[in-house]
1. Would you be able to tell me the number of residues in the range 17-49 that are closer than 24 Å to GLN89 by Cα, touching a helix residue (DSSP H, G or I) at 6+ places or on another chain (Cβ under 9 Å) and surrounded by fewer than 18 Cβ atoms within 10 Å (Cβ to Cβ)?
2. Does LYS72 meet the test of being surrounded by fewer than 15 Cβ atoms within 10 Å (Cβ to Cβ) and under 23 Å from TYR119 (Cα atoms)?
3. Does GLN73 meet the test of being at pLDDT 75 or above and over 27 Å from ILE21 (Cβ atoms)?
4. Restricting attention to the range 2-57, report how many residues are in contact with a Gly (Cβ under 8 Å, 6 or more places away or on another chain) and either modelled with pLDDT of 95 or more or among the basic types (Lys, Arg) (or both).
5. Quick check on ALA11: is it touching a Leu at 6+ places or on another chain (Cβ under 9 Å) and farther than 16 Å from ILE98 by Cα?
6. Go through the range 1-50 and count every residue that is β-branched (Val, Ile, Thr) and closer than 15 Å to TYR119 by Cβ.
7. Can you give me the ranges of the strands (runs of 3 or more DSSP E) entirely in the range 1-80 with at least 2 residues that are in contact (Cβ under 8 Å) with a residue 60 or more places away in the chain?
Amino acid sequence: MKTEKMTNAEARSLIEVIDEITSSAKNLPIKIFYALSRSRDKLVTAVRPTESMRLKLVDKYGEKTDSGTSVKQDKMAAFQRDWSEVMAQDIEVELYGIRLSDLESSMDGTPNIHLLFNYLIEEEAEPSLETVE
């Protein structure tokens with residue numbers, strides 16, 4: 001495991017990437033599936049406070065109606081400004097690393113796949129070259 005620093009927005013996007021990979025990649029090696037699932041659990045726990053913050057912002061800027069509370073257009077800019085501030089906050093999450101050589105090429109079309117490379121892919125040692133005399 002390795003500790004990674006990222007924003008709340010990046011963590012939420014990484015959860016979506018992991019969901020896409022684990023639901024669509026056929027024949028995903030079990031150790032990769034396990035590492036992705038465990039990392040997803042850690043990410044979900046780390047971003048859980050953002051949902052309660054979002055609800056507080058909706059209460060702050062919203063108006064209650066019969067169908068619930070919603071943010072009206074005239075307060076949307078202030079809501080989005082505060083929400084963007086929440087999403088830009090840095091968090092640290094312990095993630096399970098994955099070696100690039102263990103991944104399948106079937107993940108090529110996955111949206112935001114770069115997040116996987118930024119946070120979960122571990123560097124592999126390069127094979128040593130022996131000097132031939």
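The values are calculated or read from the model by the stated rules, or taken from the named source; none is laboratory data. Quick caveat, the model's predicted, so the values are computed rather than measured. Cβ atoms come from the backbone with ideal geometry, glycine included; neighbour counts cover every protein chain shown.
1. We begin by selecting, within the range 17-49, every residue closer than 24 Å to GLN89 by Cα; these are 17-19, 36-49.
Going one step further and asking which of them are touching a helix residue (DSSP H, G or I) at 6+ places or on another chain (Cβ under 9 Å), we end up with 17-19, 36-37, 39-40, 43-44, 46-47, 49.
After this cut, where a residue has to be surrounded by fewer than 18 Cβ atoms within 10 Å (Cβ to Cβ) as well, the list is 19, 37, 44, 49.
Residues in the range 17-49 being closer than 24 Å to GLN89 by Cα, touching a helix residue (DSSP H, G or I) at 6+ places or on another chain (Cβ under 9 Å) and surrounded by fewer than 18 Cβ atoms within 10 Å (Cβ to Cβ): 4 in total.
2. Values: surrounded by fewer than 15 Cβ atoms within 10 Å (Cβ to Cβ): yes; under 23 Å from TYR119 (Cα atoms): no.
No.
3. Details: at pLDDT 75 or above: yes; over 27 Å from ILE21 (Cβ atoms): yes.
Spelling it out, GLN73 is indeed at pLDDT 75 or above and over 27 Å from ILE21 (Cβ atoms).
4. 1
5. Details: touching a Leu at 6+ places or on another chain (Cβ under 9 Å): yes; farther than 16 Å from ILE98 by Cα: yes.
Yes.
6. Of all residues in the range 1-50, those β-branched (Val, Ile, Thr) come to 3, 7, 15, 17-18, 21-22, 30, 32, 44-45, 47, 50.
Those left that are additionally closer than 15 Å to TYR119 by Cβ: 3, 7, 15, 17-18, 21, 32, 44, 47.
Within the range 1-50, residues that are β-branched (Val, Ile, Thr) and closer than 15 Å to TYR119 by Cβ number 9.
7. Those strands (runs of 3 or more DSSP E) span 2-7.
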